[in-house]
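K.L.:
The structure that follows is given in the form of structure tokens.
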Amino acid sequence: MIEAPLVLAKLVTLALSLAIAYLAYHGYRRNGRKPMLYVAAGFVFIGAGAICEGLIYVVFGTSILSAGLIQAAIVSSGMVLVLVSLTR
């Protein structure tokens with residue numbers, strides 16, 4: 001059984017990361033600065049990673065370890081994109 005507070009926390013994390021991604025993309029469109037595009041993509045990955053673990057676990061019936069590894073890979077990819085944006 002999925003607990004409501006956990007689902008709410010995951011949805012808040014998703015909403016915040018998508019709001020940051022939107023603002024970063026808006027900054028990219030306004031200024032044409034490529035690093036802002038990396039930030040936007042990075043936060044989309046981070047937000048997707050926030051909710052994918054539970055979805056993979058429940059929908060596909062995988063082990064919690066497999067779902068956690070996939071979630072960590074997605075979030076790590078987002079953080080790499082943010083890191084790339086900071087180094088350019």
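The values are calculated or read from the model by the stated rules, or taken from the named source; none is laboratory data. Keep in mind it's a predicted model, so treat the numbers as computed, not measured. Every residue, glycine as well, gets a Cβ built from its backbone with ideal geometry; the counts of neighbours run over all protein chains shown. For the accessible areas, the whole protein counts, side chains as well, though only heavy atoms, and no ligand, DNA or RNA atoms are used. Shrake-Rupley method; radii C 1.70, N 1.55, O 1.52, S 1.80 Å.
K.L.:
Relative to the Cα centre, what is the charge dipole magnitude of the chain, using +1 at the beta carbon of each Lys and Arg, -1 at the beta carbon of each Asp and Glu, and rounding to the nearest 20 debye?
P.N.:
580
K.L.:
Angle check, please: helix 34-59 long axis (alpha carbons) against the longest principal axis of the chain (alpha carbons), in degrees 0 to 90, nearest 10.
P.N.:
With rounding to tens, the tilt is 10 degrees.
K.L.:
Rounded to the nearest 0.05, what FRET efficiency do Val12 and Arg33 have when you use their Cβ-Cβ distance and R0 = 30 Å?
P.N.:
E between Val12 and Arg33, to the nearest 0.05, is 0.60.
K.L.:
Fully extended, how many nm does the chain gain between Leu69 and Tyr22 (0.36 nm per residue separation, minus their Cα-Cα distance)?
P.N.:
14.2 nm
K.L.:
Quick one: angle between helix 64-87 and the longest Cα principal axis of the chain, in degrees between 0 and 90, rounded to 10, please.
P.N.:
Between helix and principal axis, roughly 10 degrees.
K.L.:
While we're looking at this one, here's another question. If you roll a 1.4 Å probe over the heavy atoms of the protein chains, what accessible area per residue do you get for the chain, in Å²?
P.N.:
68
K.L.:
Return a whole-number percent for the relative contact order of the chain, with Cα pairs under 8 Å and 6 or more residues apart as the contact set.
P.N.:
31 percent.
K.L.:
A further question on this structure: Which of these values of Rg and Dmax of the Cα atoms in Å was calculated from the structure shown: (i) 11.5, 34; (ii) 14.5, 46; (iii) 11.9, 38?
P.N.:
(ii)
K.L.:
Calculate what fraction, in whole %, of the accessible area of the chain sits on carbon and sulfur atoms when a 1.4 Å probe is rolled over the protein chains.
P.N.:
Answer for the chain is 73 percent, counting heavy atoms of protein chains only.
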